[in-house]
Amino acid sequence: KEDYKGYFHRYKMFSNIEDYNFLFICDQYGVTKNGTYYTGKDGDFFVERATETIIQDTMESMNIGWKDTITIGSSMGATGALKFGIKHHAKAIIAICPHIDLDLCAKFQGRENHVAWICPDNNTQSKENYSYTRQIRQYITNLSEAPPRLFIQACEDDYGVYHEQVLPLLESYTNKQGRIDFYSRNFGGHGGDFCGK
């Protein structure tokens, strides 16, 4: 973690909780060493593989399965929470102001360099790169059973996220008979003080 410049957003949400185990995973790779959306570089998902290994090893050491696991994250961390929670059929997912479609994050959130780092040809807007930029949508589309219960919180003034990514996610989740607890705020942006309230 010596290269990591940030911190775990929403850490204070857990400060008084003692009945659960928590595993915090830091993605310190990427163009600015501040995350790859838990993927990797140039189409090699080495961060995703490492993250899954850390999770799996921890779960095995504690005799915990995915059906007893809740994934949680904010922003890029919510990308990981959605990705791993849906992929492994977790008990539930908590996503706060999630980034979902990385091509849209590149386009609307100033994440062009971050997402280009992930794609083999650096083209963030190419449909051929949806396997890198739209993993979450693909996981939902390919589900043969209802997805995990989802608590999602987002702010309507989070430009490029709320209307462009969150609402379409909710629609596709509902189409797969997913149970959703959706908490929407009129304001708060992407990382404002009101996001985690």
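The values are calculated or read from the model by the stated rules, or taken from the named source; none is laboratory data. Just so it is clear, the structure is predicted and the values come from calculations on it, not from any experiment. Ideal geometry is used to build each Cβ from the backbone, glycine not excepted, and the neighbour counts take in all protein chains shown. What goes into the accessible areas is simple: the full protein's heavy atoms, side chains included, and nothing from ligands, DNA or RNA. Shrake-Rupley method; radii C 1.70, N 1.55, O 1.52, S 1.80 Å.
Observations on the model:
- Among 171-183, 121-133, 32-44, the order from most to least packed when residues are scored by Cβ within 10 Å on average: 32-44, 121-133, 171-183
- Per-residue surface analysis assigns His99 an accessible area of about 10 Å², computed on protein heavy atoms at 1.4 Å probe radius.
- Among the helices of the chain, those built from whole DSSP H runs whose Cα atoms reach 20 Å or more along their own axis and whose mean Kyte-Doolittle hydropathy is at least -1.0 are 46-62.
- Probing with 1.4 Å while keeping every protein chain in the model, the per residue accessible area of the chain equals 54 Å².
- Shape of region 12-165, Cα gyration tensor, a/c cut at 1.5: prolate
- Of all accessible heavy-atom area on the chain, the percent that carbon and sulfur account for (1.4 Å): 49
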